[in-house]
Amino acid sequence: MLRLRRPNASLVLRALLVVVLAATSAAANEAEKAPPDLARGARLYSDNCGRCHNARGPAEYSDAHWPLIVTHMRVIAGLPGEQARTIEAFLRASNNPPPPPRRLGRLAAVVPAAGLSGSELIERYGCRGCHVIGDAGGSIGPSLRGLFERRQADWIRVQIQTPREHNAKTLMPLYGLSDAETSAILEALRAAR
Amino acid sequence: MRSAALVVGVALWVCAQAAEADELGDLRGVVTEQGQLIDELRGELDELRAVQTQEGEEVPAVAASPASDTDSLPASADGEVTPEYVDERIEEFETAPQSRFLISGYGDAHYRAVEDGPDGFGFGFNPGFHFRMSDRLHFNGELELGLQRDGHETETEVDLEFAQIDYLLTDWMTLSGGFFLTPFNAFGQRLHPSWINKLPSPPPIYGGHGEVGIIPVVSQVGAIVSGGATLWSDSSKFNYAVYVVNAPTIEEEDDEDVPLDFDFKSTPNSSSDVGYGARVGFLPIPNLEVGASYQTGKVAGSGDRYNLVGADLWYDFKGVEWRAEYVRLSQEFEDSSPSTQGYYVQASYRLDNLILDSGEWWGQVGRVEPVVRWGQITDYAPNERRQLALGLNFWVYESAPLKLSYELNSGKGGEDRFFLQFSYGF
């Protein structure tokens, strides 16, 4: 019995192996490294990660653990792999502890934000993934329309630079922005209204 | 006799050799991979050595220059934030190591009062385990430990919720095997953990855990292919799952022959009958998912066919979250095919859509979420059961709700119930 069955089983296995190998070699260059697109990551996160349960904040898990969770979620939700990796990169980029003071001090002192404008920084860091700014954006965070009517500029500055000072469990990423970048973003937000 | 033993022996040896040859092939692959890795590492080491000697040579120059603090900052000379600088900082986030193992899961404590008793406390504890064997190969498992008050006895429950191996074949296809939560409709696979479910009890169409329903929240033993892909834009997509499982069996405790009372868990398979099924989910826009599910097969041993048809909907309309599901279970006997069907519709609204957390005490009102759920089942008798559940949640954290609910149950065996539950997803 066993001997009769064996060739069949191994044939099936071998066929499966061929499929697997073909698929993996086709998929081999999927994972090529490029700087993660945070704006897209934030948008995909806000599109997908609050669908079944409340969105879980980037700071809840470390870089070491997010890949395990995002893979689990990818399988449950049937998320395309490329989107899952983009979300993972966004989460890993958004859970950072504050930069060491030396670095922050240096950045704050050395770097005026002349290279990228405030609205370019907003694009790059993906603020619209979670907030409506101007006339477009996601809904995980509050709309930033009318922001300056309800908040003091100093308060907003703290929120952008160190959101955890206002809410220790915030979903908002800690980007470690310099003073100059923060000012540029603040001005762009004021202009967008 | 002896020659027969010899033949069997030789046959076994050949089999073992064949298996070994496969293993050898695998091992060879591993060794080649390791060899490549070592070569790569060697290359990196050489690069590092080169950098170190350069740095060594530059030490005096650096010491003399007060501007050395800007080391690797790709900002231009007048200190602008360049796109390269921002990209580099983003890339820096990527360097942390990965872990192979994580424990997560959820727990809850609750109090339940039933119109004609028994009332009582209870809790649930569901630790989950995630292992990453490689980038593509993952294992996920979850246990369910709990106490349930049943009449005058308190019973300990230890259950396996799921245990599955996932192989990420391509970006749009994952192969999984083991004991997996059946991807039939939404609640069973995706919404039943107590920190996710917006009410302390499952929707009336779901049974198990002392609840009467049409289908249980259940895992089945088998193999599954699942995945998804985008359609016309980044935020319109579909997902799918196709599976084969051991056939369900007739519940053994039942003395009388009640149709449609199956044990879906059936492991090991008591016959070679199988069930198979599929679910397709469609998300034309990011705030809408429509799903259709089907499962059919033979009831183990009996030869009768069973059919499960389902549909599920999720829609987030300006912060009001709508969920609805329909299910119909039928069994085909020679002369009849009894069926049970039901549905539920749920709406919930988190008040932080209206009130921002301002740091003032009343900002906490944003954590409150009212929920309403209406459901109905009609069985083959036909008996009808209806349920209206009203709930009020307070989200202590995003994964920790304090839930209060009152259920009005009518129809056969319907008793009103009150729940207070605190749940924590960790």
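Brief remarks follow.
- Only residues that are crowded, with 17+ Cβ neighbours inside 10 Å and farther than 9 Å from residue B:247 by Cα were counted in the range B:288-303, giving 4.
- For the range B:131-165, the tally of residues that are acidic (Asp, Glu), closer than 26 Å to residue B:266 by Cβ and more than 14 Å from every other protein chain (Cβ to nearest Cβ) stands at 5.
- With respect to (1) touching a Pro at 6+ places or on another chain (Cβ under 6 Å); (2) open to solvent by 20 Å² or more (accessible area, probe 1.4 Å); (3) more than 30 Å from residue B:394 (Cβ to Cβ), the lone exception for residue B:189 is condition (3).
- Residue match in the range B:363-379 (condition: open to solvent by less than 10 Å² (accessible area, probe 1.4 Å), in contact with a helix residue (DSSP H, G or I) (Cβ under 6 Å, 6 or more places away or on another chain), more than 23 Å from residue B:121 (Cβ to Cβ) and within 14 Å of chain A (Cβ to nearest Cβ)): yes
- Where helices (runs of 4 or more DSSP H) fall wholly inside the range A:96-193, the ranges with 3 or more residues that are of a type outside the set (A, V, I, L, M) and modelled with pLDDT of 85 or more are A:118-125, A:147-150, A:153-161, A:179-192.
- Flag if residue B:145 is more than 16 Å from the chain's Cα centre (by Cα), assigned by TED's automatic domain parsing to the domain that holds residue B:410, under 20 Å from residue A:80 (Cα atoms) and surrounded by fewer than 17 Cβ atoms within 10 Å (Cβ to Cβ): no
- Of all residues in the range B:331-356, those that are free of Cβ contacts under 8 Å to residues at least 12 places away in the same chain have Cβ atoms under 7 Å from Cβ atoms of residues that are in a strand (DSSP E or B) and small (Gly, Ala, Ser), 6 or more apart or on another chain, in B:337/B:330.
- Identity of the residue in the range A:32-45, facing chain B (nearest Cβ under 8 Å) and within 9 Å of the chain's Cα centre (by Cα), that ends up modelled with the lowest pLDDT: A:36
- Some residue of the range B:341-360 being more than 19 Å from residue A:166 (Cβ to Cβ), open to solvent by 60 Å² or more (accessible area, probe 1.4 Å) and either among the acidic types (Asp, Glu) or part of a strand (DSSP E or B) (or both): yes
- Meets criteria (more than 29 Å from the chain's Cα centre (by Cα), charged (D, E, K, R), under 21 Å from residue B:310 (Cα atoms) and assigned by TED's automatic domain parsing to the domain that holds residue B:262) for residue B:415: no
- Leading residue by the ranking (surrounded by the most Cβ atoms within 10 Å (Cβ to Cβ)) among those in the range B:166-180 that are among the hydrophobic types (A, V, I, L, M, F, W, C) and more than 7 Å from chain A (Cβ to nearest Cβ): B:180
- Across the range B:327-340, the number of residues qualifying as touching an Asp or Glu at 6+ places or on another chain (Cβ under 8 Å), surrounded by fewer than 20 Cβ atoms within 10 Å (Cβ to Cβ) and assigned to a strand (DSSP E or B) comes to 1.
- Residue in the range B:355-362 that is at pLDDT below 90, more than 14 Å from chain A (Cβ to nearest Cβ) and closer than 30 Å to residue B:329 by Cα present: no
- Residue within the range B:118-129 that is among the acidic types (Asp, Glu) and either assigned to a strand (DSSP E or B) or surrounded by 15 or more Cβ atoms within 10 Å (Cβ to Cβ) (or both) present: no
- Pairs with Cβ under 6 Å, 6+ apart, first in the range A:72-91 and assigned by TED's automatic domain parsing to the domain that holds residue A:60, second part of a loop (DSSP other than H, G, I, E, B): A:80/B:171; A:80/B:172; A:81/B:171; A:82/B:171; A:89/A:36
- Spans of strands (runs of 3 or more DSSP E) in the range B:382-426 with at least 2 residues open to solvent by 40 Å² or more (accessible area, probe 1.4 Å) and closer than 16 Å to residue B:193 by Cα: B:417-425
- Test result for residue B:108, in the same structural domain as residue B:393 (by TED's automatic domain parsing) and assigned to a loop (DSSP other than H, G, I, E, B): no
The values are calculated or read from the model by the stated rules, or taken from the named source; none is laboratory data. Keep in mind that this is a model prediction, so the values were computed, not measured. No Cβ is skipped: glycine too gets one built from the backbone with ideal geometry, and neighbour counts run over all protein chains shown. Side chains included, ligands, DNA and RNA excluded: accessible areas come from the protein's heavy atoms. Shrake-Rupley method; radii C 1.70, N 1.55, O 1.52, S 1.80 Å.
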